[in-house]
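The values are calculated or read from the model by the stated rules, or taken from the named source; none is laboratory data. Quick caveat: nothing in here was measured; it's all calculated off a predicted structure. Cβ sites come from the backbone with ideal geometry, for glycine too, and all protein chains shown count toward neighbours.
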Amino acid sequence: MLLKFSDDLKKQEIHANGPELAQKLGLDRDEAGNRVYAWPDSMSRYLHTFENPVLMRDHHKVSQISEPVLRDTVFALYESRRKIIEYQGVQLRFDEDKYPGVWSPSIDTMLILKALSSAELGTPKSAIEVGAGSGYIAKYLLAKQPSLEEMTLIDINPNAELCWKDSITSDNAKFMIGDAKKNMVGPYDLIVCNPPYIPRPKSIDDNPYEGLGLAAYLITGANSLLAEDGQLILNLSNLSMPVAGPLIKQNGLDSKKLAELEVPLKVFNILNNQDWMAYLLERGLKKDSHDGYDYWHTIMVHELKRCRR
């Protein structure tokens with residue numbers, strides 16, 4: 001399956017590719033009539049475009065496709081564990097079975113890429129993606145920022161490094177497995193992070209969907225981790241701002257919002273946890289049922305800089 005996003009994230013194209021062409025689209029013969037079991041990944045066929053996507057995998061939007069065969073074909077493609085995601089010509093191939101525990105790029109990843117595409121980054125020489133996961137953000141930066149001499153990727157999950165090695169070939173990439181709080185050595189010209197941004201009491205910091213520990217560490221440490229003109233690009237939720245907002249002010253950081261998007265809260269470990277949901281509802285989450293989902297929040301990409309006084 002190939003997912004292509006427009007530069008402004010207003011369109012998400014769905015393509016079948018590679019083996020899916022023979023297995024799901026019936027393209028199982030070549031021009032000579034010979035049986036084909038699997039076409040190369042480079043071959044694809046366009047199927048559908050979703051307008052204004054708010055999720056990488058939106059079951060509600062798929063269910064609204066009026067043509068039954070197309071609808072069910074798209075559903076079947078989403079069942080694939082192998083996906084190619086493309087933004088501005090940069091592709092990431094991701095196999096969920098090959099990298100256990102590593103999260104594939106999501107809509108918040110794409111929002112960061114959109115923010116980076118329009119941000120005034122200058123000519124950074126050193127950068128780090130913290131909690132790199134699939135490494136898609138670092139791969140995008142290596143493709144779009146020729147000034148980068150060292151692009152570090154760090155994640156606590158050792159399986160993430162398998163993904164990086166498969167998708168990133170640049171000699172300027174440096175891979176690290178471990179706790180970023182213990183291993184980051186600044187200063188960096190650019191720090192990028194898509195951290196956990198849903199607050200939870202007594203959170204476990206190595207869970208990819210809970211707690212604000214990593215975001216708080218980067219905000220409070222920005223003045224020492226960043227070079228003088230360095231930038232911290234950080235994704236946050238409106239649900240995290242009661243904590244993150246005061247920390248930004250307390251540490252004297254200049255803050256600029258680069259991009260934002262209202263998205264469904266679609267993390268099952270949260271939605272099915274009554275205590276966690278009650279905690280969030282007490283802190284501003286509201287039920288607002290529309291477009292197939294009950295709960296929504298706004299993710300925001302912030303640019304943080306050391307305050308000039």
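Looking for something closer than 28 Å to ALA222 by Cα, at pLDDT below 95, out of contact with any helix residue (DSSP H, G or I) (no Cβ under 6 Å at 6 or more places or on another chain) and assigned to a loop (DSSP other than H, G, I, E, B) - is there at least one such residue anywhere in region 158-174? No, region 158-174 has no match at all. Within region 263-275, if we keep just the residues that are under 25 Å from LEU113 (Cβ atoms) and aliphatic (A, V, I, L, M), the residue that is surrounded by the most Cβ atoms within 10 Å (Cβ to Cβ) turns out to be VAL263.
Inclusion of LYS83 among residues that are touching a residue at least 12 places away in the same chain (Cβ under 8 Å) and either outside any strand (DSSP E or B) or under 21 Å from HIS302 (Cα atoms) (or both) is not warranted. Can you tell me which residue within region 229-262, out of those that are under 15 Å from PRO196 (Cα atoms) and in contact with a helix residue (DSSP H, G or I) (Cβ under 8 Å, 6 or more places away or on another chain), is surrounded by the fewest Cβ atoms within 10 Å (Cβ to Cβ)? Among residues in region 229-262 that are under 15 Å from PRO196 (Cα atoms) and in contact with a helix residue (DSSP H, G or I) (Cβ under 8 Å, 6 or more places away or on another chain), the one surrounded by the fewest Cβ atoms within 10 Å (Cβ to Cβ) is VAL243.
A count restricted to region 33-51 and to residues that are surrounded by 12 or more Cβ atoms within 10 Å (Cβ to Cβ) and in a loop (DSSP other than H, G, I, E, B) stands at 5.
Summed over region 25-43, the residues that are in contact with a helix residue (DSSP H, G or I) (Cβ under 6 Å, 6 or more places away or on another chain) and polar (S, T, N, Q) give a count of 0.
Do we have ALA259 as at pLDDT 95 or above and under 19 Å from ILE112 (Cα atoms) here? Answer is yes for this residue.
Kindly indicate which of ARG71, ARG57 is touching a helix residue (DSSP H, G or I) at 6+ places or on another chain (Cβ under 8 Å), assigned to a loop (DSSP other than H, G, I, E, B) and of a type in the set (D, E, K, R).
After ruling out the rest, the residue left standing is ARG57.
Could you tell me which residue of region 117-139 is modelled with the lowest pLDDT, considering only residues that are surrounded by fewer than 23 Cβ atoms within 10 Å (Cβ to Cβ) and in a helix (DSSP H, G or I)? Only one residue tops the list, namely SER118.
Considering the conditions (1) crowded, with 20+ Cβ neighbours inside 10 Å; (2) at positive phi; (3) not small (Gly, Ala, Ser), LYS202 is excluded by exactly one of them, (1). Would you confirm whether any residue within region 290-303 is surrounded by fewer than 16 Cβ atoms within 10 Å (Cβ to Cβ) and within 22 Å of ALA119 (Cβ to Cβ)? Looking through region 290-303, at least one residue is surrounded by fewer than 16 Cβ atoms within 10 Å (Cβ to Cβ) and within 22 Å of ALA119 (Cβ to Cβ).
Filtering region 90-137 to residues that are touching a strand residue (DSSP E or B) at 6+ places or on another chain (Cβ under 8 Å), of a type in the set (A, V, I, L, M) and within 19 Å of SER6 (Cα to Cα) leaves LEU92, ILE107, MET110, LEU111, ILE112, LEU113, ALA115, LEU116, ALA119, ILE137. Looking across region 91-130, the residues that are outside the structural domain of ASP155 (by TED's automatic domain parsing), closer than 22 Å to VAL263 by Cβ and over 12 Å from the mean Cα position of the chain (by Cα) come down to PHE94, GLU96.
Consider ALA215 carefully, then state whether it is surrounded by 17 or more Cβ atoms within 10 Å (Cβ to Cβ) and of a type in the set (Gly, Ala, Ser). Here the answer is yes, as ALA215 does meet what is asked.
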